[in-house]
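The values are calculated or read from the model by the stated rules, or taken from the named source; none is laboratory data. Computed from a predicted structure; not experimentally measured. Ideal geometry is used to build each Cβ from the backbone, glycine not excepted, and the neighbour counts take in all protein chains shown. Heavy atoms of the whole protein, side chains included, go into the accessibility calculation; ligands, DNA and RNA do not. Shrake-Rupley method; radii C 1.70, N 1.55, O 1.52, S 1.80 Å.
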Amino acid sequence: MKMVGKYENYAEWYLDMVEKANLCDKRYPIKGMNVWTPYGWKIMTLIDSFTRKELEATDHGEVNFPLFIPETEFKKEKDHIKGFDEEVYWVTHAGKNELDVRLVTRPTSETAMYPMFSLWVRSHQDLPLKVYQIVNTFRYETKQTRPFIRVREIHFFESHTCHDTEEDAQCQIEEDLDMLDNIMDKLCLPYTLLRRTEWDKFPGAHYTVGIDTVMPNHRTLQLGSVHHYRTNFSVPYDITYEAEDGTHKHVHQTTYGMSERLLGAVVSVHGDDNGLILPPAIAPFQIVIIPILSKKSTVDVAGAAEALRDKLAAAGFRVKLDDRDDRPGSKYYDWEIKGVPLRLELGGRDIENGVVTFARRDTGEKGTIAMDSLIPGTQLILDDIMSTLKAKAKAFQDDATKAITSMDEIPKEDTSELRIYSFGWCGCEECGHKFEDEHDIKILGTPYRPEGKFEGKCIVCGKDTELQAFAARTM
Ligand code: ZN
């Protein structure tokens, strides 16, 4: 079966991979609402487990809010409702009765949580309030849907915090970005942090930091975002606390969220023409063992393979013994598609020599591990797969980014010449819109943590500027 080339036709390759690796089933009779299969869901829950670990370690409490939000609460923050009006699902009836107050299925949970926060926060001793939930959210996507990347029911984590001062809320943003870095390390994904333009920030936010990564077609995918709200929501939702001096003040708020797009990015960034390549940290099976049986051999290969599996499992590895009655070549093919990072082959000769043969999914490298150093030897290879995946993805991202001084360098259509562009921008909205409209491209924003001082000229009006901006076509 010939696979579609990842760099020849990324869109088709992606759909092919998701289907062949059986990550989800998109035949469910609602477009954009897919069924998670056991293999796909296992990867997602492993990703969630890292998110949960980070949030618990930083004193966030896990909550679970109702799915429905009453229209009355949903409409309290004006910019927020304007931003979501066209993409929420409405519940209008219960049984045969029309509802007095219509309900929306959450597109995100600000308007569900904040009426409750206003009851929970009383005094400065209740602050900071830090909660999160991992739930499904709903958005009516009108663009073409794509598994994990653009769906209408979205698996999502969101953290929400309240603070007594703007500075404390700002410290929260820094904590969020540290957590982000730890999570992305497990996924071996490079990313950029760009402060979104005023016209592209989250509806109701003071500012938004977008988290983006580069796809094989050189378009960017937004994986999540971090927002500073100041008091933009606490005023309409009346979330106040009594300060030490007895006065009542509005809290400062932040949120941080990421979605199942993380899985879409892992598939896209690491996979190759033979299937997925999963980072060991999130692989349901880090190792697959294939026994090489031979009628001529007198060695008990099947028994040795079981013992090998038990030894690796006891050491904490997620390991699968494939003892199906099938040819080894056909098994290799199946596990390559599923992206298992490390394959171990065990035959009569390996057992006699006191070794096990290995094949790496990422580089294709083959060799042997001595049985008497099985555990450290295996760990060493898995660690090296993690660092190799990271380095390769980072090199691709660096290569996909190009500094330009003229708008003529941007191709009109998507070609292999397309890049992520960095350039000078005076910061004014007029130049920003002109740039975006003329080139069908989006300004992703300005570096949240600039690497050094930038000096250049606005790519549109030519004015001297110290502001560097990044732009890309997005998924
Ligand atoms: Zn300008």
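Say whether the condition of being farther than 25 Å from Pro284 by Cβ and either polar (S, T, N, Q) or in contact (Cβ under 8 Å) with a residue 40 or more places away in the chain (or both) is met by at least one residue in segment 37-59. Show your work before the answer.
Step one: of segment 37-59, the residues farther than 25 Å from Pro284 by Cβ are 58-59.
The next check asks that each one be either polar (S, T, N, Q) or in contact (Cβ under 8 Å) with a residue 40 or more places away in the chain (or both); those that pass are 58-59.
Checked against the condition, which is being farther than 25 Å from Pro284 by Cβ and either polar (S, T, N, Q) or in contact (Cβ under 8 Å) with a residue 40 or more places away in the chain (or both), segment 37-59 yields at least one hit.
Identify all residues within segment 435-475 that are under 29 Å from the mean Cα position of the chain (by Cα) and β-branched (Val, Ile, Thr); write none if there are none. Can you show your working first?
Filtering segment 435-475 for residues under 29 Å from the mean Cα position of the chain (by Cα) gives 435-437, 439-452, 467-475.
Once the filter is applied, which keeps residues that are under 29 Å from the mean Cα position of the chain (by Cα) and β-branched (Val, Ile, Thr), segment 435-475 yields Ile441, Ile443, Thr446, Thr474.
Scan segment 74-86 and tell me whether some residue there is open to solvent by 40 Å² or more (accessible area, probe 1.4 Å) and at pLDDT 95 or above.
No, segment 74-86 contains no residue that is open to solvent by 40 Å² or more (accessible area, probe 1.4 Å) and at pLDDT 95 or above.
Based on this model, can you work out whether Lys31 counts as among the basic types (Lys, Arg), modelled with pLDDT under 95 and open to solvent by 40 Å² or more (accessible area, probe 1.4 Å)? Steps first, answer last, please.
Numbers: among the basic types (Lys, Arg): yes; modelled with pLDDT under 95: yes; open to solvent by 40 Å² or more (accessible area, probe 1.4 Å): yes.
So Lys31 fits the description; yes.
Just a yes or no: is a residue in segment 368-378 part of a loop (DSSP other than H, G, I, E, B), more than 16 Å from the ligand (Cβ to nearest atom) and either touching a Leu at 6+ places or on another chain (Cβ under 7 Å) or modelled with pLDDT of 95 or more (or both)? Explain how you work it out, then say what you get.
To start, the set of residues in segment 368-378 that are part of a loop (DSSP other than H, G, I, E, B) comprises none.
No, there is no match, as no residue in segment 368-378 is part of a loop (DSSP other than H, G, I, E, B), more than 16 Å from the ligand (Cβ to nearest atom) and either touching a Leu at 6+ places or on another chain (Cβ under 7 Å) or modelled with pLDDT of 95 or more (or both).
Restricting to segment 52-73, what's the tally of residues that are at pLDDT below 95 and open to solvent by 60 Å² or more (accessible area, probe 1.4 Å)?
Adding up the residues that qualify gives 1.
When you scan segment 1-19, do you find a residue that is in a strand (DSSP E or B), surrounded by fewer than 19 Cβ atoms within 10 Å (Cβ to Cβ) and either without any contact (Cβ under 8 Å) to a residue 40 or more places away in the chain or not aliphatic (A, V, I, L, M) (or both), even just one?
So in segment 1-19, the residues in a strand (DSSP E or B) come out as none.
So far as segment 1-19 goes, no, none of its residues is in a strand (DSSP E or B), surrounded by fewer than 19 Cβ atoms within 10 Å (Cβ to Cβ) and either without any contact (Cβ under 8 Å) to a residue 40 or more places away in the chain or not aliphatic (A, V, I, L, M) (or both).
Leu119 versus (1) closer than 25 Å to Pro29 by Cα; (2) open to solvent by 50 Å² or more (accessible area, probe 1.4 Å); (3) of a type in the set (A, V, I, L, M, F, W, C): which is the lone unmet condition?
Among (1) closer than 25 Å to Pro29 by Cα; (2) open to solvent by 50 Å² or more (accessible area, probe 1.4 Å); (3) of a type in the set (A, V, I, L, M, F, W, C), the lone unmet condition for Leu119 is (1).
Can you name every residue in segment 324-338 that is open to solvent by 40 Å² or more (accessible area, probe 1.4 Å) and hydroxyl-bearing (Ser, Thr, Tyr)?
If the condition is that a residue be open to solvent by 40 Å² or more (accessible area, probe 1.4 Å) and hydroxyl-bearing (Ser, Thr, Tyr), then Tyr332, Tyr333 are the ones that fit.
Kindly check whether there is at least one residue in segment 297-305 that is of a type in the set (A, V, I, L, M), within 33 Å of the chain's Cα centre (by Cα) and either open to solvent by 10 Å² or more (accessible area, probe 1.4 Å) or not assigned by TED's automatic domain parsing to the domain that holds His124 (or both). Full working, then the answer.
Within segment 297-305, the first condition is being of a type in the set (A, V, I, L, M), and the residues that meet it are 299, 301-302, 304-305.
Within this subset, residues satisfying the condition of being within 33 Å of the chain's Cα centre (by Cα) are none.
Scanning segment 297-305 turns up no residue that is of a type in the set (A, V, I, L, M), within 33 Å of the chain's Cα centre (by Cα) and either open to solvent by 10 Å² or more (accessible area, probe 1.4 Å) or not assigned by TED's automatic domain parsing to the domain that holds His124 (or both).
Specify which of the listed residues (Thr108, Thr92) is among the hydroxyl-bearing types (Ser, Thr, Tyr), closer than 22 Å to Lys130 by Cβ and outside any helix (DSSP H, G or I).
On the way: Thr92 fails: closer than 22 Å to Lys130 by Cβ.
Within the list Thr108, Thr92, the selection yields Thr108.
If we only count strands (runs of 3 or more DSSP E) wholly inside segment 250-363, which ones have 2 or more residues that are closer than 30 Å to Leu193 by Cα? Don't jump to the end; show me each part of the working.
Values: elements: 252-259, 287-292, 319-321, 342-347, 355-360.
Because the criterion is at least 2 residues that are closer than 30 Å to Leu193 by Cα, the strands (runs of 3 or more DSSP E) in segment 250-363 that meet it are 252-259.
Mind listing whichever residues of segment 131-176 are closer than 18 Å to His252 by Cα and either open to solvent by less than 30 Å² (accessible area, probe 1.4 Å) or aromatic (Phe, Trp, Tyr) (or both)? Outline the logic, then answer.
Taking segment 131-176 first, the residues closer than 18 Å to His252 by Cα are 131-132, 158-176.
Once the filter is applied, which keeps residues that are closer than 18 Å to His252 by Cα and either open to solvent by less than 30 Å² (accessible area, probe 1.4 Å) or aromatic (Phe, Trp, Tyr) (or both), segment 131-176 yields Val131, Tyr132, Glu158, Ser159, His160, Thr161, Cys162, His163, Ala169, Gln172, Ile173, Asp176.
For segment 102-140, how many residues meet the condition of being closer than 30 Å to Gly32 by Cα and among the acidic types (Asp, Glu)? So that I can check it myself, show each step before the final result.
Just the residues of segment 102-140 that are closer than 30 Å to Gly32 by Cα, to begin with: 102-114, 131-140.
Next cut, among the acidic types (Asp, Glu) only: 110.
The total comes to 1.
Mind telling me which of the residues Pro107, Pro38, Pro115, Pro66 ends up being assigned by TED's automatic domain parsing to the domain that holds Glu260, closer than 21 Å to Phe233 by Cβ and within 21 Å of the chain's Cα centre (by Cα)? If you could, list the steps in order and put the result at the bottom.
Numbers: Pro38 fails: closer than 21 Å to Phe233 by Cβ; Pro115 fails: within 21 Å of the chain's Cα centre (by Cα); Pro66 fails: within 21 Å of the chain's Cα centre (by Cα).
Residue meeting the stated conditions: Pro107.
Among the strands (runs of 3 or more DSSP E) confined wholly to segment 145-216, which include 1 or more residues that are more than 27 Å from Phe65 (Cα to Cα) and of a type in the set (D, E, K, R)? So that I can check it myself, show each step before the final result.
Working: elements: 153-163, 192-195, 207-214.
Filter on segment 145-216 gives 192-195, 207-214.
Could you name every one of the strands (runs of 3 or more DSSP E) located completely within segment 395-475 that has at least 3 residues being away from the ligand (no atom under 16 Å from the Cβ), modelled with pLDDT of 95 or more and surrounded by 15 or more Cβ atoms within 10 Å (Cβ to Cβ)? Walk me through how you get there before you give the answer.
Values: elements: 401-403, 420-424, 442-447, 468-472.
The qualifying strands (runs of 3 or more DSSP E) are 442-447.
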